[in-house]
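Everything below concerns the one structure shown next.
Where a number appears in this text, it was derived from the coordinates with a stated rule and is not lab data. Here the structure is a predicted model, which is why all the values come from computation and not from measurement. Positions of Cβ are generated from backbone atoms using ideal geometry, with glycine treated the same way; all protein chains shown enter the neighbour counts.
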Amino acid sequence: MWSTAREIAAGDVVIIWLTRDLIQPLLITPGKELNSRFGVYRHADLVGVPYGSKIGSRNGKGFIHVLRPTPELWTLALPHRTQILYLADIAFVCSWLNIKPGSRVIEAASHRKSLDLLDDSSPCVLRMRKVASWSDESCTGSGSFSHSVARAIGSSGHLWSYEFHEARANKAREEFTRHGMDPIVTLTHRNVCKDGFTVVDTVDSVFLDLPAPWDAVEHAKRALRKDRITRICCFSPCMEQVLRTVSALNDAGFTDITMYETLSRPHQVDLAPALLPISEVGERLKRAEQRREEKRLRQIANARAAAGKRKRTGEGEDNDADAAGIAGKRHKMGGDGDLKGSEPEQAPATFDSDPAPAKSEELPSVSASPPGAVASSPAADKIGLSKAFPEVRGHTSYLTFACLLPLSLSAAAALEPNTDASDVEPPFQASENKDNTTGLTAV
Amino acid sequence: MDLGEGSSRAPIDKTRGDTIQPGNTLLLKLPSGDIKTWKFEKDSIANLGKYGSFHANELLGQPYGLTYEIADKKLKEMASRTLQEVGDTDATNELINDGQFVQPLTSEEIEALKKSGLHASEIIRKQIEQHANYSLKTEYSKEKYKKRKEAKYSKYFTVVDPTVFNVCDYWFNKDQNRLRDIRPDALSQILNLANVRPGGRFLAVDDASGVIVAGILERLGGYGRLITICDVDSPPAYPVTAHMNFRKEVTDVLSSLNWATADEEYIPIRASSEPPSGKIKSDAQRSRLNKRKLVSSSQTQTREELFNGEFDGLIIASEYDPSSILERLAPYLAGSASIVVHSLHVQVITDLQNKLRDDPQFLGPTMTEMWLRRYQVLPGRTHPMMNMSGSGGFILHTTKIYDDPAASSVMAHRQRAKKAKIENEILTETTCANSTSRSNVSPGSHPMADFQSSAEDTVEEGVPDLTDLA
């Protein structure tokens with residue numbers, strides 16, 4: 001597959017990591033330049049640089065990371081990035097199908113190669129096509145699965161890959177060649193549901209990412225080797241597809257039929273200030289309350305002073321009553337619990353006079369110290385927090401798996417009369433079942 | 001058409017024997033659903049308790065994955081069983097009362113039937129005939145009833161095919177704690193994210209009973225290298241690997257050091273391999289000393305290999321502080337090496353990610369959680385399993401980078417240009433520039449915004465959507 005050398009060489013496919021959201025593949029072609037908003041880079045300058053290096057741009061503005069391709073990075077670097085969501089599925093399928101060095105694998109999936117197939121389509125057309133054919137929208141596509149399999153099977157294994165769409169088949173073939181996968185991957189353009197596979201009694205596992213996998217089940221059975229346990233996986237987004245597939249697998253004699261759904265939930269991690277205890281919130285509220293009270297008293301005092309001034313200047317009584325009225329009203333609004341205070345002046349006065357001055361000196365210093373500490377040593381009071389993303393993919397596809405057991409003489413003999421196969425099933429039970437169903441349909 | 005590539009010419013299994021051989025550690029699945037570990041010793045008799053016993057040699061040379069019925073200590077291969085269609089039913093449980101006497105067959109009678117050598121299916125049939133309310137049951141509960149009885153009286157077992165998936169699944173169900181919550185889906189993601197491939201050179205810290213080691217060894221298939229670091233002074237027992245029944249060449253790529261011998265500063269204390277008297281007294285002494293010499297020289301070699309570095313990947317599933325492990329082992333990784341850390345605790349991974357994102361030698365640390373749901377698929381009875389595993393743990397994935405401190409970000413330059421214009425904003429802008437030089441990891445930016453946006457872009461694709469079916 002891709003280069004395993006320490007340093008980058010001309011002709012290598014590398015992955016350029018610009019930012020987390022901007023990752024692209026690059027074929028190293030000396031003479032060419034990579035131009036991006038993160039600077040200008042000559043391909044020739046990358047030759048001889050170790051994989052995994054951070055490279056500063058020629059003009060000193062910006063940098064990139066040059067990485068060795070992996071199937072996962074390759075998937076991230078594709079234009080259609082939703083594929084990342086299938087990584088959990090791909091890993092799980094490879095594992096269940098026991099794909100390992102030396103394995104022989106069939107994959108019938110849709111290789112959606114690039115956006116150019118989609119660019120000319122309006123959303124409406126896209127939607128139509130989606131309804132018409134699953135292969136466009138619901139695929140592990142883009143060769144993600146092929147690359148994962150190729151990595152796992154190594155040079156001693158083989159992958160037979162089938163593509164229904166001719167243009168896509170050609171693009172996939174070009175890509176496999178560019179990635180040095182030719183010796184281990186055979187790509188065939190054909191409709192496997194109609195024409196079956198090109199190998200017989202050969203492969204260890206089959207992966208079907210097709211709109212109607214049940215049409216390919218019998219073909220798959222023919223391609224699977226019969227001297228040991230083999231496995232199949234059908235990748236379908238709809239439950240209705242699963243049910244049809246299960247019944248086709250069952251009819252074809254596959255066993256251990258099971259189905260899984262798997263997802264990878266990304267977490268968002270933040271370094272945030274430690275959560276405040278409520279005592280601090282309480283202190284803040286108390287301080288606010290105190291400030292409000294001081295302001296009120298100040299206003300009263302101002303009003304009094306103004307009134308006194310006016311009194312001195314002549315029109316006394318009305319305004320005095322007015323000021324008292326304001327104070328009374330405010331007091332009722334502010335502290336309605338304080339009913340015993342028959343004279344409105346009394347309660348605020350005591351609050352204001354003896355404990356308050358001392359407190360007001362004290363309070364800010366007490367409550368200020370914890371925030372002060374936070375400011376002085378920010379790292380100490382930061383905590384790591386993680387949460388799942390608010391919106392994530394909830395479904396990719398159902399993964400239907402089954403095994404095909406090796407044929408031994410005794411089993412082959414037992415297979416012929418089907419009643420023997422289910423010998424724990426009492427014979428009369430079957431007839432009862434039949435009666436039951438016919439009875440019901442009659443009703 | 002490459003027809004004719006028949007199985008006769010198909011390659012042998014690269015990582016284990018093609019058939020069952022003496023010395024294998026097998027997993028036998030019993031009718032009750034339990035799995036029993038059994039070591040195949042030639043000419044022995046295997047005892048499966050109430051399910052009977054059989055001559056071990058009956059399994060010799062058999063492929064994995066088959067089901068056998070036990071009769072007279074002999075094994076008869078059972079044909080593969082297919083799913084039974086359940087007929088439509090209008091029965092309800094309205095006429096069935098709990099505690100009613102419905103089963104006239106006493107346990108003594110059943111015992112007698114068993115002793116008479118009657119087949120399990122016959123006993124079950126008799127029970128059903130005698131069962132007063134059987135016909136009142138729904139087809140679903142009839143099925144369940146038969147299944148229950150089958151588990152009780154049938155004498156058969158299945159040799160579980162020892163794939164990494166099956167072995168991991170067995171251990172996870174047996175003792176999730178010993179596997180540090182590494183569920184099969186977690187293991188498969190770890191192996192894929194770490195880019196484990198034949199010929200690669202890997203480091204692993206596996207405090208999860210060897211499930212990681214088993215996975216890596218199988219993916220290497222005898223090509224490449226695996227060095228593990230453990231916390232004991234003798235070679236670590238990775239019990240999970242026993243069930244894999246690996247070929248010798250598969251396990252040969254594994255060497256282990258511990259946290260003392262993996263320390264460059266430390267000079268391991270070794271007993272001399274020279275005879276104390278200067279002369280070898282006996283053959284026993286000679287072989288003892290030779291063995292000692294071999295052990296110490298292989299340890300020296302492994303140490304050198306580790307310290308020379310350039311490993312392609314590192315997998316950590318440890319009970320110890322992952323950042324201290326990374327600090328120690330990251331220098332031995334090549335550029336672009338994949339690092340995968342698994343923990344059963346969300347806090348451990350969260351803290352690690354917060355530490356790593358300030359370190360320029362780790363690119364784009366990403367934290368994910370696994371989710372897995374299994375379904376019962378039976379005709380007319382397909383639904384998610386009532387019980388599901390709560391957690392497969394948490395994974396952090398990142399890539400090792402050769403940092404270039406001289407390279408500065410475009411943002412920093414833009415800020416500098418700005419700075420020339422607006423002297424005022426120096427302070428706020430430079431702090432901003434510093435963090436954007438790692439824009440992908442700054443606390444403010446969503447580290448995985450691509451997930452979010454792509455999920456939004458494709459929300460239409462959320463496929464179980466009725467319009468799609470039209």
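For this structure, a couple of remarks:
- Across segment B:185-190, coupling constants 3J(HN,Hα) worked out from phi with the 6.51/-1.76/1.60 Karplus curve, θ = phi - 60°, read 5, 5, 4, 5, 5, 4 Hz, and Gly and Pro carry x.
- Gap separating the Cα centres of segment A:282-310 and segment B:179-216, nearest whole Å: 69 Å
- Of A:Lys221/B:Lys144; A:Lys226/B:Lys142; B:Lys39/B:Lys115; B:Lys39/B:Lys174; A:Lys226/B:Lys147; B:Lys36/B:Lys146, those spanning more than 26 Å from alpha-carbon to alpha-carbon: A:Lys221/B:Lys144; A:Lys226/B:Lys142; B:Lys39/B:Lys115; A:Lys226/B:Lys147
- Which of A:Phe207, B:Phe54 has the fewest Cβ neighbours within 10 Å, and the rest in rising order: B:Phe54, A:Phe207
- Under 13 Å, Cβ to Cβ, from B:Asn258 - net charge with Lys/Arg +1 and Asp/Glu -1: -3
- Gyration tensor (alpha-carbon) shape descriptor, segment A:1-78, a/c threshold 1.5: oblate
- Formal net charge of residues neighbouring B:Phe307 (Cβ-Cβ distance under 13 Å; K, R +1; D, E -1): -4
- Phi-derived couplings, Karplus 6.51 cos²θ - 1.76 cosθ + 1.60 at θ = phi - 60°, listed residue by residue for segment B:252-263: 5, 7, 9, 10, 10, 10, 10, 5, 7, 6, 8, 9 Hz, with x used for Gly and Pro.
- Net charge of Cβ neighbours under 10 Å - reference A:Cys403; Lys, Arg +1; Asp, Glu -1: -1
- In this label model, B:Asn57 and A:Arg58 are separated by 7.8 nm, measuring between points 7 Å along each Cα→Cβ vector.
- Counting only other chain Cβ atoms within 10 Å of each residue's Cβ, the peptide A:66-74 averages 5.
- With both labels modelled 7 Å from their Cα along Cα-to-Cβ, the B:Ser296 to A:Val392 distance reads 5.3 nm.
- The equivalent ellipsoid that matches the C-alpha gyration tensor of segment B:164-400 spans semi-axes of 36, 23, 15 angstrom, in descending order.
- Whole-angstrom gap from segment B:133-159 to segment B:341-366, using each part's C-alpha centre: 50 Å
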